[in-house]
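One structure is given below, encoded as structure tokens.
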Amino acid sequence: MTDDNNEQTTLQEARDNEDASTLLQLERTAAGPDTRQAAAAALEELLKARPEAFERATRQADAPYVRREALRRLAMIHPARAAAPAAAALLHDPDAGVRQEAANAITWVARAGCDVIPLVEQALQDPEERIRKTAVASLQHVAASQPERVAALLARALADEAPGVRRSVVFQIDHLPAYDARTLLRPLFDDPDRWVRCQACHMAGKLDTTDSLPWLARALADPDESVRENAAAALAGRGDRGDPNLETLLAFLVRHSDPRFRRGGVDAVARGSGRWGVPLLVEGLFTLGAECDLSSAVFRLSHSHYPHRAAALARLLKHPEPSARAAAAGGLAKIPRVFDGQMVADVQEDEVEPIVAALTEALGDEAENVRVVSANALSSYGPAAVGAVPALIERLDDDSPAVRSRAVVALAAIGTDPVFSALVTALQDPDRTVRGYAAMELGKLGDTQAVPALVATLDGQPDSSHASVLQALAALPDPRAIDPLLAYQGPYRQQAIVALERIRASGVVPDHAAGAGTPGIRLLHLLDDLQEDVIQNADTDIDGRSERAALALAGMGEPAVEPLIAMLPRSTDAHLALGRIGGERAYQALVAELQAGNWRRVAAAARALGTMGDNRAVRLLEPLLDDPGAEVHRAVTEALARLGRPAAAAAAPGAPPQVDRSDPYAQVKRVWVDLNADRTHPQRLPARIAWHRAFVAAMPTLPFDSDRERGHTWAMLGTLIYYYENPDRSTIDRPCPQAAHCYAECLKYTPERDDVAEYLALVGGGETVDSAPQPAREKPPSPSQGEGRGEGPTPSHSQGEGRGEGPTPSPSQGEGWGEGPIAQWSERLLALVEQAAAANTLDVGRAEARRVGEEINAQGGFELMREVAHRTRDLGRQRGQRYALGYVERWWNGIGEWRA
């Protein structure tokens, strides 16, 4: 507090005394943010009212920072009145940073219209290079008003030993009149710094005088490549502006005896867009040898606007250097554009035939790259290159696979009658790349006559060309390819399946119902019948067509395995069929599905492995007993039972499972699923009761996502222990101290559970007993607000006196809303399903089913709707309505959170 008081006192004194130095120090170093902010405000007011206080600070302040900052602010606000004298004084300051700020202030002073020449002269004597550069840069603001004095200073700066200062001079030349600029520019072409020479070329190109042409011509022979490029670009720019003297100079350079000047002249001509330069460029290109990069010049020629550039490029096909010939052929490839079989480009009609003839002759060039590029260029001319077809067919026997490949592409682009047979012949080429190109081009031609030849290539050794062949067969849907595609076992099996799908979707497959077609055609129809329930995320196979198709596919055996494997990510009935077919390939595919991540696929794969009966699957299925999903757990349990390992789904007597402390809620739900099985196997109950005791003891320390989830866990624990102690009962109507304790805990977290409260009232409370110890715990938090009823079992009471015990309830039913209402809703819905099934339409019963769904949604939301739907499904299966769930799902679509 003392320091803050002292700072406030110092601030007030500085404000009263107009002490800019102290205020600047406080703004930077004060401990309190309020003090720093107040100092900044005081400085702003003082700068507007009393600038002389800042000028005084530049002279009297001891800290270099204060002198720099005072001058900076003074120069920005009062450059003419106060900053100029201060800058002149500070250019002699012993601190280099202060002198740099003074050099920066010269720019502000110059912008204000003051005479800064004396200041610049003074700054140019500074030993620091950066200060001299800054001083030179400030001259641009006075170059127009004092050109002679500025030119004299720049000439003096050109003698500076620092390259940075001389570079800064180059930028200022642009602000001077032409005469002074030329005078200063000439010596820059001899500067030892290459960057200065490059900028000199750039500046010379902007001058509209002939004086600079010899300088630029000489720069074309500069030892540095970047200087030569800048000189050529400058000359080209002069040509674009129509300099009448440039053509003579470039002609002289192109024909010069020194190859350096010839190279520079050609580069300058190539960079220019003047049409007069093209003949000169072609002449120059023929004078250059392999020591020069000719491809860039030819590239520029091909992109020029010269109307006869195509003929010029054709002439360059005779160049002695292969690189120039290849570049010329590549340029000819870019001139035409073929649209709908017609060439649309600025190539003269009478030039096409000579160009095609020149490219055809180039197909026999001794250089491989010239032959490759020439064949590629011919493909750009399309049908107009029909005269090259014989030569291209001849190139199909070339020693180079690259030449043969491009010849195949060119022939396909031309598209005349002899081409088809030539491409079919190319399918037998020894090089796989050539075969691949031939297959692709045949697919693009769209002629199904190529299908037998394409199919025949699949019999050879598998290689990368098979991918192109399969792609072509997909583009040429033909029933003749179905059986070979089904039999294909190469590395591109997936592409074969894609081809089959394309054929199936094309509509060319004969209708097997009419008695036409092969087994492959029938297989495609059956694959089309498989319901894609994985993608739809719904069980919608109401009429059983998908299941019947799966059983029929299973009857086809081995030929159906690969297509079914391709369907695994889309349809669970594909798993069913593979499980019935069996075999190592199907087994490995189903094992891989156990790791798919989608619960429908995992559950279907588990059931299929159980159907297959391969005991190797046991060790892979057992770890999935811990899966948090009830459907997966149920499927794995069924599969293990089929494999003769029913005990694997439950803990062995005397060895209770460990409490899952990472996800206890999911563990209780998994145990809940097995409740019926546990009750029918008394040997399991001691282990389950021991697990229950351990879980109850650990409950205060277990993690849950919400109070609702913890409360429902207590409810499930209560129901579990009741049926463990009373396995012969089907209703919860007897006193059970352990269950009562769990239900009492449930009400602490979910007090809205009236059904639990009714049971406790029926049996007389929930005192803690020895078999269900209650560790010391804090007062539980209040239930989460706004949470709907979710999963969690509720004790179901007997429905009146004298009623006999009904069948054992399914553990997945009755979770939270009582057994009576769920049973009534399920019966109503199943009656509606039976009516709709009899009428074979969803419209029958839809309105009533939606009223039931809205009633259920209002009472328990999505969770209760799911429970009722599953109860309807189970009830339907008992009464022969296997697809009851599909009807309910579609009827309820859009009610609340329900989506079919």
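Evaluate the charge dipole of the stretch 16-79 about its Cα centre and quote only its size in Debye, nearest 20, assuming +1 on the Cβ of each Lys and Arg and -1 on the Cβ of each Asp and Glu. Could you put the intermediate results ahead of the total?
Working: 10 positive and 11 negative charges, 65 e Å.
Dipole size: approximately 320 debye.
What FRET efficiency comes out for Glu225 versus Ile77 if R0 is 51 angstrom and r is the Cβ-Cβ distance? Round to the nearest 0.05.
0.55
With θ taken as phi - 60° and the coefficients 6.51, -1.76 and 1.60, list the Karplus ³J(HN,Hα) couplings across the stretch 155-168 in order, rounded to whole Hz; mark glycine and proline as x.
4, 5, 5, 5, 8, 5, 6, 7, x, x, 5, 5, 5, 5
How much length is gained if the chain between Arg218 and Arg186 is pulled fully straight, taking 0.36 nm per residue apart and subtracting their Cα-Cα distance, in nm to one decimal? Could you put the intermediate results ahead of the total?
Numbers: separation 32, 0.36 × 32 = 11.52 nm, distance 1.17 nm.
Length gained, Arg218 through Arg186: 10.4 nm.
FRET efficiency for Ala63 and Glu129, Cβ-Cβ distance as r, R0 = 30 Å, nearest 0.05?
On the way: r = 25 Å, r/R0 = 0.84.
The calculated FRET efficiency here is 0.75.
Label-point separation (nm) for Asp483 and Ala592, each offset 7 Å from Cα along Cα-to-Cβ?
My value for the distance between the label points is 2.8 nm.
I need the calculated FRET efficiency for the pair Glu366 and Asp459, taking r as the beta carbon distance and R₀ as 25 Å, to the nearest 0.05. Mind dumping the intermediate values first?
Details: r = 38 Å, r/R0 = 1.52.
Once rounded, the FRET efficiency stands at 0.10.
I need the shape label for the stretch 412-510. Rule: rounded when a/c is under 1.5, else prolate if a/b > b/c, else oblate, with a, b, c from the alpha carbon gyration tensor. Provide the component values of the computation, followed by the final result.
Working: a/c = 2.03, a/b = 1.22, b/c = 1.67.
Oblate, because a/c is 1.5 or more while a/b does not exceed b/c.
Figure the gain on full extension for Phe171 and Asp728 (residue separation times 0.36 nm, minus the Cα-Cα span) and round it to one decimal in nm. Walk me through the intermediate numbers first.
Values: separation 557, 0.36 × 557 = 200.52 nm, distance 10.06 nm.
Here the segment from Phe171 to Asp728 would lengthen by 190.5 nm.
Counting Lys +1, Arg +1, Asp -1, Glu -1, what net charge surrounds Ala641 among other residues with beta carbon under 12 Å of its beta carbon?
On the way: positive: Arg607, Arg634, Arg642, Arg645; negative: Glu638, Asp674.
Its environment carries a net charge of +2.
Relative contact order for the stretch 39-157: what percent, with Cα pairs under 8 Å and sequence separation of 6 or more? Walk me through the intermediate numbers first.
Working: 144 pairs, mean separation 21.3, N = 119.
Here the relative contact order equals 18 percent.
Find how much the distance from Gln449 to Ala694 grows on full extension, using 0.36 nm per residue of separation minus their present alpha carbon separation; answer in nm with one decimal. If you can, show how the numbers build up before the last one.
On the way: separation 245, 0.36 × 245 = 88.20 nm, distance 7.46 nm.
Between Gln449 and Ala694, full extension yields 80.7 nm more.
Lysines within cross-link reach of Lys669: Cα-Cα under 30 Å, excluding same-chain residues under 8 positions apart?
The reachable lysines, counting only those whose Cα sits under 30 Å from Lys669, are Lys748, Lys779.
Could I have the simple spin-label model distance between Phe704 and Ala505, label points 7 Å from Cα toward Cβ, reported in nm to one decimal?
Using points 7 Å along Cα→Cβ, the separation is 4.9 nm.
Could you give me the ³J(HN,Hα) list for the stretch 590-606, computed from phi with Karplus coefficients 6.51, -1.76, 1.60 and θ = phi - 60°, whole Hz, x at Gly and Pro?
With the stated coefficients, the stretch 590-606 comes to 5, 4, 5, 5, 4, 9, 5, x, 8, 5, 5, 5, 5, 5, 5, 5, 4 Hz.
For the stretch 18-83, what size does the Cα cloud have along each of its three principal axes, sorted from largest down, in whole Å?
In descending order, the Cα extents are 35, 23, 17 Å.
Suppose each label sits 7 Å from its Cα in the direction of the beta carbon; what would the Asp417-Gln859 distance come out to in nanometres?
About 8.2 nm, to one decimal.
No value in this document is a laboratory result; all are computed from the given coordinates. As the structure is a computational prediction, the values presented were derived from the model and not from experiment. For neighbour counting, all protein chains shown are included, and Cβ atoms are generated from backbone atoms with ideal geometry for every residue, glycine included.
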